[in-house]
Amino acid sequence: MQKSTPIIPKFLLSAIFMMVASVVSAQTTKEEFFSKWVNSKQFTLDVLDKMPDSGMDYKTDPGAMSFKEQIHHIGNAIVGISQGFLKGGDPGFTIDLATASKADLADYVAKCYDYGTSTMKALSEADAAETIEVFGNNVTRRQVMALLIDHSTHHRGSAIAYLRVQGVEPPAFVGF
């Protein structure tokens with residue numbers, strides 16, 4: 001008489017394997033992350049470039065940030081979060097937003113992204129994997145890096161809406 005192999009343990013083992021495989025494949029390599037980071041920088045600069053000078057102070061609401069404040073906030077957050085949570089030092093540059101031209105703001109944002117790049121690339125694997133407290137959450141520095149992309153996307157999305165209200169066609173999205 002032949003002994004039958006139970007189906008349930010095989011099914012369970014297969015399900016566990018597929019879940020583990022999906023988690024592993026969902027991870028982003030450093031190279032993939034920095035490729036996306038470079039795209040984020042260029043897309044932010046492209047959005048800024050599209051806004052006419054006359055729309056730089058536009059706000060959707062008196063309590064909202066203006067267009068130029070949205071773009072400035074992206075850069076400021078990159079620097080502040082990199083310094084506070086990614087072991088970044090003094091970036092060596094600032095901007096006076098009140099007197100800055102659009103070209104000055106573009107230069108500032110580019111420097112902020114470059115500063116973020118150098119700060120993140122300087123992290124060792126152990127530093128990137130270290131769990132730290134950030135805004136009341138225990139996360140790895142790698143998660144903080146992902147937060148910077150998400151935060152930039154959030155505020156750039158607001159800036160794109162400001163472009164549309166001003167009747168300006170935003171730049172095409174480039175995902176990769």
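The values are calculated or read from the model by the stated rules, or taken from the named source; none is laboratory data. Keep in mind that this is a model prediction, so the values were computed, not measured. Glycine gets a Cβ as well: all are built from the backbone with ideal geometry, and neighbour counts include every protein chain shown. Side chains included, ligands, DNA and RNA excluded: accessible areas come from the protein's heavy atoms. Shrake-Rupley method; radii C 1.70, N 1.55, O 1.52, S 1.80 Å.
T117 sits among other residues whose Cβ lies under 11 Å from its own Cβ, and their net charge, with Lys and Arg +1 and Asp and Glu -1, is +2. Note on the stretch 43-165: Rg/Rh from Cα positions, Kirkwood definition for Rh, rounded to two decimals, is 1.01.
Each label point was placed 7 Å from the Cα along the Cα-to-Cβ direction; for T94 and D49 their separation is 3.0 nm. Averaging Cα coordinates gives a centre for the stretch 83-101 and one for the stretch 47-76; these two points are 18 Å apart.
Annotation: per residue accessible area for the stretch 53-153 equals 50 Å², rounded to a whole number [probe 1.4 Å, protein chains only]. The heavy atoms of H155 offer some 20 square angstrom of accessible surface to a 1.4 angstrom probe.
Summary of packing: across the peptides 141-147, 94-100, the per-residue average of other C-beta atoms within 10 Å ranks them, highest first, as 141-147, 94-100.
Calculation over all alpha carbon pairs of the stretch 36-93 in 10 angstrom steps from 0 returns a P(r) of 20, 42, 31, 8 percent. Calculate the spin-label point distance for E133 paired with F34, positioning each point 7 Å from the Cα along the beta-carbon direction, and give it in nanometres. Roughly 3.3 nm, to one decimal.
Computed over protein heavy atoms with a 1.4 angstrom probe, the accessible surface ordering of I74, I160, largest first, is I160, I74. Spin-label model, D104/T60: points 7 Å from Cα along the beta carbon direction are separated by 2.7 nm. The lysine pair tally for the stretch 18-176, using Cα distances under 22 Å and a gap of 8 or more places or different chains, is 26.
Split the accessible area of the stretch 42-160 by element, probe 1.4 Å, and carbon with sulfur accounts for 50%.
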